[in-house]
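To start, the structure itself, in structure tokens.
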Amino acid sequence: MKAICATDLSAASEATIESETCLECLGRIGVEEIHLVTVIPSNVHAGMPGMNFEKRREQALERYRRVVEDAGFDVETHVVRGTPHRRINGIAEAVGASLTVVGSRGKSPLENRVIGSTARNLARTTVVPLLVNRIEREADEPDVVREHLFRRVLYATDFSENAERAFEAFSYLRHATQEATLVHVETPKDPGLPEDDDPEARLAELATRLEDWGIETRTVVRRGDPADEILAAEAEYEPTTILVGSRGHSRLRRLLLGSVSEDIVAQADGNVMLIPPNRSA
């Protein structure tokens, strides 16, 4: 299993790479090869006086390479130019990655809507599962917020096809997961089930599958706005990672309705793992 680890070489993005526990968690789910990727934005020009961006970034990635190799992974490094999320997605496709990891300090909801971020752009466009590893927001020398990436997973489902696809991620996450909370949010704006279907029964079926793997599991049905209720469940149960599928709405529909998964990526306190739609579907 190959993973992309995207870094802008900031103190925040170093935190994932330098966390032995995070690297150990990636190893437990089957990652054997890590591609370290840094993107020089298109608006940074190679001819700027006194600046050799490629060389500086290559030197930094070599330091990271040694850390990751010492943790037992095969490592490749990539220094590329362009738009960060597009180049990261392109490399993920080119190397056949199964996971993209990006560190994010997170911003206030207003800042995310006005400024945007690589993490949020990846949430909109990723072609492989995306792990947003939350980094401490205010610290000068930030650390990861949750050391054990997958120990406690909050899985949010609307019982759609892509939510089921997200659940299948437990086939490899289970090797690092001890506890799971399965959440469905009933909402009048977007009902997910026929009237005669029982969400509690559906969740119980999923819980049985996880318990057969030795994962301690609880199920929760909440009512209200999906993003708000999922974030409230995060505050209540304190998972290390929220696991959620992206519905893959068209750009127009996303602008009109917003995206639950993007809101969670922007506003969650801890890590978020986002599973995109099957591209061949």
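The values are calculated or read from the model by the stated rules, or taken from the named source; none is laboratory data. These numbers come from a predicted model, not from an experiment. Cβ sites come from the backbone with ideal geometry, for glycine too, and all protein chains shown count toward neighbours. To get the accessible areas, we keep the full protein, side chains included, count just its heavy atoms, and leave off ligands, DNA and RNA. Shrake-Rupley method; radii C 1.70, N 1.55, O 1.52, S 1.80 Å.
Name the residue that is modelled with the lowest pLDDT, counting only residues in region 1-17 that are touching an Asp or Glu at 6+ places or on another chain (Cβ under 8 Å) and not in a helix (DSSP H, G or I).
Once the filter is applied, the top-ranked residue is Thr7.
For region 225-244, enumerate the residues that are farther than 14 Å from Leu274 by Cβ and in a helix (DSSP H, G or I).
Pro226, Asp228, Glu229, Leu231, Ala232, Ala233, Glu234, Ala235, Glu236, Tyr237, listed by residue number.
So Leu61 fits all but one of (1) touching a Ser or Thr at 6+ places or on another chain (Cβ under 6 Å); (2) open to solvent by 80 Å² or more (accessible area, probe 1.4 Å); what number is the exception?
Checking Leu61 against (1) touching a Ser or Thr at 6+ places or on another chain (Cβ under 6 Å); (2) open to solvent by 80 Å² or more (accessible area, probe 1.4 Å), the one that fails is (2).
Can you name the number of the only condition in (1) crowded, with 20+ Cβ neighbours inside 10 Å; (2) at pLDDT below 95 that Val145 fails?
It is condition (1) that Val145 fails.
Among the numbered conditions (1) modelled with pLDDT of 90 or more; (2) out of contact with any His (no Cβ under 9 Å at 6 or more places or on another chain); (3) of a type in the set (Asp, Glu); (4) open to solvent by 70 Å² or more (accessible area, probe 1.4 Å), tell me where Glu229 comes up short.
Single failed check for Glu229: (4).
Regarding Val37, is this residue at pLDDT 90 or above, of a type outside the set (Phe, Trp, Tyr) and not in a loop (DSSP other than H, G, I, E, B)?
Yes; evaluated as a whole, the condition is true for this residue.
Within the set of pairs 6 or more residues apart or between chains, which connect a residue that is part of a loop (DSSP other than H, G, I, E, B) inside region 18-32 to a residue that is surrounded by fewer than 16 Cβ atoms within 10 Å (Cβ to Cβ) with Cβ atoms less than 7 Å apart?
Close Cβ pairs satisfying both conditions: Ser19/Glu147; Ile29/His175; Gly30/Met1; Val31/Met1; Glu32/Met1; Glu32/Asp74.
Yes or no: region 235-246 includes at least one residue that is open to solvent by 60 Å² or more (accessible area, probe 1.4 Å), under 13 Å from the mean Cα position of the chain (by Cα) and at pLDDT below 90.
Among the residues of region 235-246, not one is open to solvent by 60 Å² or more (accessible area, probe 1.4 Å), under 13 Å from the mean Cα position of the chain (by Cα) and at pLDDT below 90, which makes the answer no.
So, in region 162-181, exactly how many residues are under 17 Å from Ile230 (Cα atoms) and of a type in the set (Ser, Thr, Tyr)?
1
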